[in-house]
Structures are given as structure tokens and as C-alpha cells.
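One structure follows; several queries about it will come next.
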Amino acid sequence: MNTVGFVDPKSGHTCLWSNAYILVRSPLLNFCWTRFKETKRQSSERKQMNSRDTEERREAAAAVEPAEMAASAVDGAAAAALRSVLRRVHQAAERSGRRPEQIRVVAVSKVKPPSLVQQVYNAGHRRFGENYVQEIVDKAPQLPEDIEWHFIGNLQSNKVKPLLTGVPNLAMVETVDDEKIANHLDRAVGNIGRKPLKVFVQVNTSGETSKFGVDPAGCVELVKHVSSGCPNLEFCGLMTIGMPDYTSTPENFKTLANCQTEVCKALGIAEEQCDLSMGMSGDFELAMLGYPMYLPVLCLPFLRRLSDTYSSGKQVEMGSTNVRIGSTIFGAREYPKKQ
């Protein structure tokens with residue numbers, strides 16, 4: 001192990017310090033400690049937000065007349081939760097220097113009954129999302145025609161026609177992840193004779209095999225295919241699903257933001273013409289605002305020369321314009337038990 005000598009001013013003796021001690025005293029340790037504190041702070045904030053959501057839902061339920069409590073408590077809580085989410089979205093938009101109206105909130109009503117969707121609709125919301133073709137096909141006819149439905153689940157080729165014919169007010173498909181599904185959608189839209197369908201290209205930014213989406217390296221080529229080879233589709237932006245581990249999620253969002261930059265450069269369009277759909281109940285504010293990004297230097301021979309510059313924080317704006325909120329609005333999902 002290399003050592004470094006210095007003269008103790010008090011004793012006059014020469015002392016030797018090892019690289020290990022220098023490492024402990026280096027900005028690298030400060031970086032690690034800072035990241036630990038930041039992760040802990042984010043975890044604490046998420047717990048506070050979840051606690052606040054729960055309390056608001058309880059207050060909304062308590063405000064309902066006792067005679068209507070049994071039938072309307074959940075519905076009233078959903079409306080209150082919607083208002084809470086919209087308030088948080090507006091605050092996050094203002095903190096990121098954007099207008100609140102630039103951010104779209106998709107209320108994800110997966111496995112929730114039409115009656116609950118109707119209650120949120122009555123509270124003034126019009127944009128809803130579903131994950132399953134059969135569910136949205138069954139649910140849409142029971143609800144107002146001016147709802148803007150977003151399909152946000154994996155779409156199989158044999159489900160394209162039932163989706164388009166069963167949901168005339170389908171506003172967008174957010175999960176185009178290969179040329180095959182893009183071509184099927186394009187042909188089906190043309191055959192039906194409806195106006196071009198808005199789509200997002202889904203990108204697998206986490207690399208998880210359990211998630212769908214085109215690899216970031218193939219994102220630009222798929223977008224080019226949709227834009228130039230599918231006249232019945234209107235490319236509107238990119239979509240991703242972050243990892244459940246929120247400490248890793250910012251990297252997923254940054255990857256999508258990088259894909260946006262490459263797509264806009266390839267198509268010659270402004271970033272405002274390429275929306276980003278990222279952020280769900282647990283991380284939508286993070287997707288809108290960003291996270292502290294640090295610049296560590298990990299090369300040991302240069303540790304003694306590191307300065308505070310290497311541990312300075314830089315705010316990276318993620319830039320999400322489309323957030324998908326489900327359980328925070330509608331409550332925890334209860335899936336039917338498999339027989």
C-alpha cells in the first residue's frame with residue numbers, strides 16, 4: 001500500500017499516512033454519505049406524502065353524511081385524493097418552472113368499478129387510463145363519451161381491433177414498443193376510418209426482463225418508423241415505467257430524457273413536440289422535478305487532489321409532462337383471487 005509522508009508540526013516527527021486513511025478523508029466518502037442522506041430524505045418524504053394522502057382520504061370519508069357513508073365513502077375519498085394529487089402536480093410544476101397546465105394527469109382506474117370512475121369524472125377529471133383491453137372495452141361504454149381514454153398496458157396484435165372498435169373515444173396508446181404492433185395499429189386505424197391515433201413509444205429504461213418496451217438504443221429507429229411509416233399514427237412522445245426501487249428510478253427517468261434528446265435531434269423537432277410519460281403514484285413528483293446528480297471521481301491515485309467541486313450537487317430536470325396516477329387516487333387495488 002502506498003504511503004504519504006508529512007512532518008507533525010508539534011513533535012517534528014515524520015508520519016506516514018496510507019491510501020486507506022486518505023480514502024476515508026476524501027470527498028468520495030462525503031459523496032457516499034451525501035447520497036445516503038439524500039436517499040433517506042427521499043424515503044422520509046415519500047412516507048410523509050403517503051401519510052398525508054391517507055389522512056386526506058380519511059377526512060373526506062368522515063365528511064360524508066352517515067346515511068351515505070356506506071355507499072359513498074370510497075367515492076368521496078377518491079375525489080378528495082384527486083384534488084390532492086392535482087395540487088401536488090401544480091406545486092411540482094411551479095417548482096420546475098413550468099405551467100401546471102403543461103402537465104397531464106392520467107387517472108389509472110385499473111380494476112376499479114365504473115361507478116368510482118364516474119365519481120372522479122364528476123369531480124372534473126376527464127383523462128383516464130387502463131391496462132387491460134377487455135376491461136377498457138367493458139368499462140368505456142358505461143361512462144361518458146367525452147372521457148379521454150389512454151391505454152397503458154402491453155398490447156398484443158390480436159387485441160388491436162377489439163380495442164379500437166370497442167373504445168371510439170380512445171385518445172392514446174402509450175405502449176407501442178416494436179414495429180409489429182405499430183403496423184397493426186396503423187392498419188386497423190386506417191381500416192376503421194378514424195382520425196390518426198396518438199401514440200407514445202414505450203422504452204424499457206430499467207433493463208428489466210419483466211418490463212416491456214424498446215431498448216433505449218433502438219428508440220430512435222422505432223420512432224422514425226412510427227413517424228414516417230405509419231400515416232395513421234401520430235407520434236406524441238416517449239413512455240417508461242421506473243423501477244419499484246425509487247433510489248434507482250431517477251436513472252430510468254434520465255435515460256428517457258436522453259432518449260427524448262436523441263429523438264428530437266433525429267426528427268428535427270423541438271422537445272415540446274415530444275412528451276415524456278413517466279412517473280406514477282410513488283414517484284411522479286420525482287419524474288417532474290428531478291434529483292441531485294453528483295460527479296464523483298473514483299480513481300484512487302487522484303483522491304488527494306479532489307476538491308469540493310467533485311461532490312457538488314446539480315439539479316437535473318426530468319421533465320415529465322404526463323403522469324399516470326392510480327392507487328393514490330383510487331386506493332389500493334384488490335385483485336380477484338385466482339381459483
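Whether any residue in the range 253-272 is free of Cβ contacts under 8 Å to residues at least 60 places away in the same chain and under 16 Å from ILE103 (Cα atoms) is what I want to check.
Yes, some residue in the range 253-272 is free of Cβ contacts under 8 Å to residues at least 60 places away in the same chain and under 16 Å from ILE103 (Cα atoms).
Going through the range 101-128 one residue at a time, which ones are closer than 17 Å to ARG324 by Cβ, surrounded by fewer than 15 Cβ atoms within 10 Å (Cβ to Cβ) and modelled with pLDDT under 95?
Correct list: GLN102 only.
Does any residue in the range 228-245 that is buried (at least 20 other Cβ atoms within 10 Å of the Cβ) come within less than 7 Å, Cβ to Cβ, of a residue that is modelled with pLDDT of 95 or more and assigned to a loop (DSSP other than H, G, I, E, B) six or more places away or on a different chain, and which pairs are these?
Correct list of pairs: LEU233/PRO196; GLY237/CYS274; LEU238/CYS274; THR240/GLY213.
Here's the yes/no breakdown for (1) at positive phi; (2) over 21 Å from the mean Cα position of the chain (by Cα); (3) of a type outside the set (Ser, Thr, Tyr):
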site: VAL108; (1), (2), (3): no, no, yes
site: SER115; (1), (2), (3): no, yes, no
site: GLY129; (1), (2), (3): no, no, yes
site: TYR132; (1), (2), (3): no, no, no
site: GLU135; (1), (2), (3): no, yes, yes
site: PRO141; (1), (2), (3): no, yes, yes
site: ILE147; (1), (2), (3): no, yes, yes
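Per-residue answers, yes or no, for (1) surrounded by fewer than 17 Cβ atoms within 10 Å (Cβ to Cβ); (2) closer than 17 Å to ARG324 by Cα; (3) not aliphatic (A, V, I, L, M):
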site	(1), (2), (3)
ILE136	no, yes, no
PRO144	yes, no, yes
LEU155	no, no, no
LEU164	no, no, no
LEU185	no, no, no
PHE200	no, yes, yes
ASN204	no, yes, yes
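Continuing with this model, one more query. Taking only pairs six or more apart or across chains, which ones have beta-carbon atoms under 7 Å, a first residue in the range 172-197 that is without any contact (Cβ under 8 Å) to a residue 40 or more places away in the chain, and a second residue that is part of a helix (DSSP H, G or I) and acidic (Asp, Glu)?
none
Right, another one. How many residues does the range 80-100 hold that are touching a His at 6+ places or on another chain (Cβ under 9 Å) and without any contact (Cβ under 8 Å) to a residue 60 or more places away in the chain?
2
The values are calculated or read from the model by the stated rules, or taken from the named source; none is laboratory data. Model, not experiment: these values are computed from the prediction. As a convention, Cβ positions derive from the backbone with ideal geometry for all residues, glycine included, and neighbour counts pool all protein chains shown.
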